[in-house]
Amino acid sequence: MPELKLGIKLTVDEIRSLITREELKLPKYAAPIINLANRFAQATRPNIVGKMSELIRECPYRNLEGWKQWYMARYPKAIENATKKLWKCSRGLEKSLMK
């Protein structure tokens, strides 16, 4: 994968602290199940949320707040649409497991 050079270097912990104020504590196996449901639902595909590698280059802002406003102006329903797709798929997985 080619390296994207924007002059910004953040660690995973720094990104996590910017995204959430509290540490997310999920039950055991919850994160892998959510990731699997997302793969099945294809909720974060470019046709749903946009092609992030291109959007990051296009965004004129170099801070999280600027990015949020810019992204939401371009894709106002993206998070809602992705969430709905993921939720529907996760409910389907749950029903399958309960049979």
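A short reminder: the numbers here are calculations on the coordinates, not readings from a lab. The shown structure was predicted, so the numbers you read here are calculated from the model rather than taken from an experiment. Every residue, glycine as well, gets a Cβ built from its backbone with ideal geometry; the counts of neighbours run over all protein chains shown.
Please rank 44, 11, fewest neighbouring Cβ atoms within 10 Å first, as an exposure proxy. Write out the running numbers ahead of the final one.
Values: 44 15, 11 8.
Ranking 44, 11 by Cβ neighbours within 10 Å, fewest first, gives 11, 44.
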Sort 48, 33 so the one with the fewest other Cβ atoms within 10 Å of its own Cβ comes first.
33, 48
In region 27-98, lysine pairs closer than 22 Å at Cα, eight or more apart or cross-chain:
13
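When you have a sec, figure out the Kirkwood radius of the chain from all distinct Cα pair distances and drop it here in Å to one decimal? If you can, show how the numbers build up before the last one.
Details: mean 1/r = 0.0635 Å⁻¹.
For the chain, the Kirkwood estimate is 15.7 Å.
With r defined as the distance between the Cβ atoms of residue 35 and residue 73 and R0 fixed at 30 Å, what FRET efficiency is calculated, to the nearest 0.05? Show your work: numbers first, answer last.
Details: r = 28 Å, r/R0 = 0.95.
Calculated value: 0.60.
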Relative exposure of 53, 90, judged by other C-beta atoms within 10 Å (fewest first):
53, 90
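Dipole magnitude of the chain about its Cα centre, charges +1 at Lys/Arg Cβ and -1 at Asp/Glu Cβ only, in debye to the nearest 20?
The calculation lands at about 460 debye.
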